[in-house]
Structure formats: C-alpha cells, structure tokens
Amino acid sequence: MKTFFVIFLLVHSMDAFSQHLFSSQHSISSGNAEMNSFEVNCEDDCYFTMFLEVSKLDFESPAESGAMFRVWDETRKKYVLFGIKANKQTMTPQLTIITSSGEPEKVLGSSELGAFEGFQFKWKDGKFRLNILRRVKIDGYSQIKQSPLTFEGKLAFHPRAVEYLFLGADVTQYIDASSQNINPEWTRMVNGS
C-alpha cells in the first residue's frame, strides 16, 4: 500500500495562493502496470488537476512505458487517456492524448525525465479541454503556469472515474486537492473539516 501524505506548497504569484498536493511514489518494473481509480462526483462544469514527475521510463524493451491518467465513463468503454509516454524511437518522454473515439494518438509535445508536468482536465456541455501546466522560473522561485500545450475535444460520455495508469515507470504523482471539484472529500481535507 502506498503512503499518501500532504505537501503544502505555497506558490508565489501576484495573488499568492496555496496548493494542497497529495503525493505518492510508485516504482513499476518493465512489463508491469499499476492502476487505481478515483470516483468522480461531478456532473458538468467539472475539473481536476494532477501532476506527474517521472524519473524513469523503459525505452529498451518492447513493453509500453508511461505514466497516464484515464477519464472513464461508467461502463469503462469510453475514455480519454493522457499523460507521459516513452517514445521508443527517439528515446524521449512525450506528452500524449488519445480518446476512445477512434482517432489516432496525438502528441502534444516533448517532456524530460524529472520534469514536473501538470495536467488540468476540464469538461462542460459535452466538450473537454486538457491544459498542460509547467514550472516557470521567476526571480529566484518557480511558479506553475499554463503552457501553450492544450487539447480540446468532444466528450461523448459522462465521466464517472479518473484512473492513474503507470506502466514500467518510476513516478511521483501529485493530486492537487485545491484545484478540483470532482471529490468533495479532498475539498474537505483542504478546508480542514
């Protein structure tokens, strides 16, 4: 069982705000997978933010390797899958997204091992948007900002669960409990109730 703990991270900005990050570390050997899901308790106009810091991917074996999030419907047949995946040809991590609609996987951009990559997923009125968040150095400190990497699409289902899927990777996952409306328990924890 993974140990979950709360990290309070104060990010400086014009209006300083506090992020409440729940982190967990995972080390999955090549050819193996670890997954866990979180129930979605929001119907429409919903969002969540999660971060990944991948320190190792398997570029050598034919097995898939990556750290991904999947948004499922209640039948687990329709989904949106996004995250960091090993590109076996270039031997580099890349940010990808794929949906169950049948369209090919889309590469949003490149990443690096050890990079702190954020994924903000929002949906409303049958559409979704994925924003990639990254650290930006400003006068001696880091600030999390939305990068130019985004993806928008049609959402042909009502999300009922968010699952993490880690394949042959060493990764630290962070759930931003202060930047989400899918889990009221996380909100209560942030508010100290």
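Descriptive notes on the structure:
- The set of residues in the range 163-173 being farther than 18 Å from C46 by Cβ and either surrounded by fewer than 20 Cβ atoms within 10 Å (Cβ to Cβ) or of a type in the set (S, T, N, Q) (or both) consists of L165, D170, T172, Q173.
- Among residues of the range 51-67 that are under 26 Å from N131 (Cα atoms) and in contact (Cβ under 8 Å) with a residue 60 or more places away in the chain, those with a Cβ under 7 angstrom from a residue that is part of a strand (DSSP E or B) and among the basic types (K, R), sequence gap 6+ or separate chain, pair up as G66/K85.
- Of all residues in the range 135-159, those satisfying the criterion of being open to solvent by 70 Å² or more (accessible area, probe 1.4 Å) and in contact with a strand residue (DSSP E or B) (Cβ under 7 Å, 6 or more places away or on another chain) are R135, K145, Q146, E152, K154.
- Residues located in the range 41-66, provided they are under 19 Å from L108 (Cα atoms) and either among the hydroxyl-bearing types (S, T, Y) or in contact with a His (Cβ under 8 Å, 6 or more places away or on another chain) (or both): T49, S65
- Residues within the range 98-116 that are within 15 Å of the chain's Cα centre (by Cα) and closer than 12 Å to G66 by Cβ, tallied: 2
The values are calculated or read from the model by the stated rules, or taken from the named source; none is laboratory data. In this text the structure is predicted, and so the values were computed from the model without any measurement. As a convention, Cβ positions derive from the backbone with ideal geometry for all residues, glycine included, and neighbour counts pool all protein chains shown. For accessibility, only protein heavy atoms count, side chains too; no ligands or nucleic acids. Shrake-Rupley method; radii C 1.70, N 1.55, O 1.52, S 1.80 Å.
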